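**Q** Sharing a structure here in structure tokens format.
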Amino acid sequence: MKRKIPLIITFVVGVVLIFAEFIPHKPFGLISGELEKWYLIIAGFAIILGQLNLFKVNLFKIRYKQKNWQYFILTLVSFSIMVLCGIFWGTQNNPGVFGNGVAIVTAMGDKPFDYLFLNVYQHLSATMFSLLAFFIASAAYRAFIARTTESNLLLAAAILVMLGNTSMGSILTGWLPESLKFLHLPRISEFIMKYPNTAGQRAIMIGAGLGIIGSSLRIILGIERSYLGGK
Amino acid sequence: MATVKRKQLDRRWLFLFLFVGVALPLIFVIGLPIETSENARMVYDLVETTPPGSKVILSFDYDPGSKPELHPMATAVMKHCFDRDIKVIVTALWPMGVQMAEEIFSDIHDEYPNVKYGRDYVNLGFKAGGIVTIQSMGKQFREVFPEDMNGTSIDELPIMDGMKNFDNLSFVCSFSAGDPGIKQWVQVTHDKFNRPVTGGVTGVSAPAILPYVNAQQQLIGLLAGLKAAAEYELLSKSPGTATSGMDAQSIAHLIIIIFIVIGNINFWRDKKAEKRGE
């Protein structure tokens, strides 16, 4: 029974939503509208659940002193500081339980939550993303080697797109006469992105779309049950 | 396939060159030429041809991690909307998107003293749920967003007068760093409700989104990465951080290409040496 009820709910909801897609009239339209509202409420709660789970998982790692457990203390402390700052003094336009913290705002220039967000979180986040540039550069240096026909094609396409997507492309071939403008690097780059890339991406999208339909049907019909947990 | 053991150049050299190559042009702006692409022009034309007084949604679906790429284009599009007297409704499918929009609005507000919150601009905040949120917005906008981010009822905001669903919008523009984002806006707003969708994405995610710029106009143009942001700044004649950032990006790309060439020369040299039996 513990497994049958969720399976029945999944089947009924899945079938109703499929019907609602093709028959957007009563009662399917109304039901799907109502289910959408339920989903939004559940999605809101899922965020709280995610936060509680983050706390639990990190606490567990610290308690059992798992590898690099010291880092998890940092996560929990940072998490708690942000949450408490938000609860106590609120954010930019919203007061917290202690009001707007005028004295703190005078001293810091911003509310504690906004101050940490603007001066710590934003910069740390941007740094993490920026580091990718160095690793991508290193990966490109190692991977783009002209070994085979396929790798030659990849290498040529990569260089043309890289040049075409910067000002260098315009400088290098900007002088070409109108009759040879099709060789202008930004145009070649645009062509590669518009035709070969789009063709490949569409093939991937169609494959992924069919895969999603297949797995959705498996879930609706109760063949795929891993989402229920257990074996 | 022959296996050739290459003597790799220490990658720290690449890191050093890249660091210098990015930092110097940011400090000393070179002003390399920028050419506009068809996709950027399509986005520009969409905003340019939208009648003044129309309502549009700018969805901030990114966080500070993608800020260097997406913030300049979002700023340029928002400025262009205000220049054209287009009313901007801000939403966010990413929690941090709310602050990103607020930051832009407070940065540019001095340039547009006539733009009034609640009348010409509103930030409705973040709503969880991704594609389902968009679907609900299309049917019952006021139920999904009964209040703005400050808790003010949308009934008290003049900009929201008569706003029931996507029929009351001229277009949706999503600045997207991933999922949920522009793809979901296309799949629902254009494909289901037949409203124009445009937007901007990070350079790395552009190849996956470009197929939506097609004859069916699922997407009307696309701003792909910092280059497109610089192009938009050029088109709207308001140079900003993207224009200056393009110098750094161009030099960085050039350095990577030079290192790729060095890597290939090393490879071929080693391969030749191996053939000779050295």
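The values are calculated or read from the model by the stated rules, or taken from the named source; none is laboratory data. Treat the numbers as computed from the prediction; the structure is a model and nothing was measured. Note: ideal-geometry Cβ built from the backbone for every residue, glycine included; neighbour counts use all protein chains shown.
**Q** Restricting to the range A:142-173, what's the tally of residues that are hydroxyl-bearing (Ser, Thr, Tyr), at the interface with chain B (Cβ under 9 Å from one of its Cβ atoms) and in a helix (DSSP H, G or I)? Give the steps one after another, and end with the answer.
**A** Narrowing the range A:142-173 to residues hydroxyl-bearing (Ser, Thr, Tyr): A:148-149, A:151, A:166-167, A:170, A:173.
Then drop every residue that is not at the interface with chain B (Cβ under 9 Å from one of its Cβ atoms), which leaves A:148, A:166-167, A:170.
Keeping just the survivors that are in a helix (DSSP H, G or I) gives A:167, A:170.
So the answer is 2.
**Q** Within the range B:188-204, which residues are of a type outside the set (A, V, I, L, M), over 18 Å from residue B:45 (Cβ atoms) and away from chain A (no Cβ under 11 Å)?
**A** B:189, B:191, B:193, B:194
**Q** Among the numbered criteria (1) touching a residue at least 24 places away in the same chain (Cβ under 8 Å); (2) closer than 30 Å to residue A:14 by Cα, which one does residue A:88 miss?
**A** That leaves (2) as the condition not met.
**Q** When you scan the range B:138-158, how many residues do you find that are out of contact with any Phe, Trp or Tyr (no Cβ under 7 Å at 6 or more places or on another chain) and not in a loop (DSSP other than H, G, I, E, B)?
**A** Just the residues of the range B:138-158 that are out of contact with any Phe, Trp or Tyr (no Cβ under 7 Å at 6 or more places or on another chain), to begin with: B:139-153, B:155-158.
Right, trim to not in a loop (DSSP other than H, G, I, E, B) and you get B:139-144, B:147, B:153, B:155-156, B:158.
Going through the range B:138-158 one residue at a time, the tally reaches 11.
**Q** Scan the range A:174-197 for residues that are farther than 26 Å from residue B:242 by Cα and either outside any helix (DSSP H, G or I) or at the interface with chain B (Cβ under 9 Å from one of its Cβ atoms) (or both) and jot them down.
**A** Matches in the range A:174-197: A:176, A:177, A:195.
**Q** Could I ask something else about it? Quick one: which residue in B:136, B:170, B:176 is more than 25 Å from residue A:45 (Cα to Cα) and either surrounded by 16 or more Cβ atoms within 10 Å (Cβ to Cβ) or not assigned by TED's automatic domain parsing to the domain that holds residue B:75 (or both)?
**A** B:170 is the lone residue from the list that is more than 25 Å from residue A:45 (Cα to Cα) and either surrounded by 16 or more Cβ atoms within 10 Å (Cβ to Cβ) or not assigned by TED's automatic domain parsing to the domain that holds residue B:75 (or both).
**Q** Among (1) closer than 25 Å to residue A:128 by Cβ; (2) in contact with a helix residue (DSSP H, G or I) (Cβ under 6 Å, 6 or more places away or on another chain); (3) touching a residue at least 60 places away in the same chain (Cβ under 8 Å), which single condition is residue B:126 missing?
**A** The failed condition is (3).
**Q** In the range B:219-261, what residues are out of contact with any helix residue (DSSP H, G or I) (no Cβ under 6 Å at 6 or more places or on another chain), more than 8 Å from every other protein chain (Cβ to nearest Cβ) and assigned to a helix (DSSP H, G or I)?
**A** B:234, B:244, B:258, B:261
**Q** Which pairs have Cβ atoms under 6 Å, sit 6 or more apart or on different chains, and link a residue in the range B:99-122 that is within 12 Å of another protein chain (Cβ to nearest Cβ) and under 21 Å from residue A:123 (Cβ atoms) to one that is assigned to a strand (DSSP E or B) and among the hydrophobic types (A, V, I, L, M, F, W, C)?
**A** Filtered contacts from the range B:99-122: B:100/B:60; B:101/B:60; B:101/B:90.
**Q** Got at least one residue in the range B:55-62 being more than 19 Å from residue B:252 (Cβ to Cβ) and in contact with a Lys or Arg (Cβ under 6 Å, 6 or more places away or on another chain)?
**A** So in the range B:55-62, the residues more than 19 Å from residue B:252 (Cβ to Cβ) come out as B:55-62.
Still in the list and also in contact with a Lys or Arg (Cβ under 6 Å, 6 or more places away or on another chain): B:55.
Within the range B:55-62, one or more residues are more than 19 Å from residue B:252 (Cβ to Cβ) and in contact with a Lys or Arg (Cβ under 6 Å, 6 or more places away or on another chain).
**Q** With A:9, A:31, A:62 as the choices, which residue is within 14 Å of chain B (Cβ to nearest Cβ) and among the β-branched types (Val, Ile, Thr)?
**A** A:31
**Q** Follow-up question, since we're still on this one. Among the candidates A:105, A:83, A:77, which residue alone is at pLDDT 95 or above and assigned to a helix (DSSP H, G or I)?
**A** Of the residues listed, the single one that is at pLDDT 95 or above and assigned to a helix (DSSP H, G or I) is A:77.
**Q** Moving on. Scan the range B:183-217 residue by residue and report those that are over 24 Å from residue A:135 (Cα atoms) and part of a loop (DSSP other than H, G, I, E, B).
**A** B:191, B:192, B:193, B:194, B:195, B:196, B:213, B:214, B:215, B:216, B:217
**Q** Kindly list the number of the only condition in (1) modelled with pLDDT of 95 or more; (2) of a type in the set (S, T, N, Q); (3) over 23 Å from the mean Cα position of the chain (by Cα) that fails for residue B:174.
**A** Every condition holds for residue B:174 apart from (3).
**Q** Let me ask another. Answer yes if at least one residue in the range A:53-67 is hydroxyl-bearing (Ser, Thr, Tyr) and either over 30 Å from residue B:149 (Cα atoms) or not in a helix (DSSP H, G or I) (or both), and no otherwise.
**A** yes
**Q** Taking the options B:77, B:22, B:47, name whichever one is not assigned by TED's automatic domain parsing to the domain that holds residue B:198 and not acidic (Asp, Glu).
**A** Answer to the selection: B:22.
**Q** Would you mind finding the one in A:101, A:109 that is surrounded by 11 or more Cβ atoms within 10 Å (Cβ to Cβ), touching a residue at least 12 places away in the same chain (Cβ under 8 Å), more than 9 Å from chain B (Cβ to nearest Cβ) and of a type outside the set (Ser, Thr, Tyr)?
**A** Values: A:109 fails: touching a residue at least 12 places away in the same chain (Cβ under 8 Å).
Criteria check complete, one pass: A:101.
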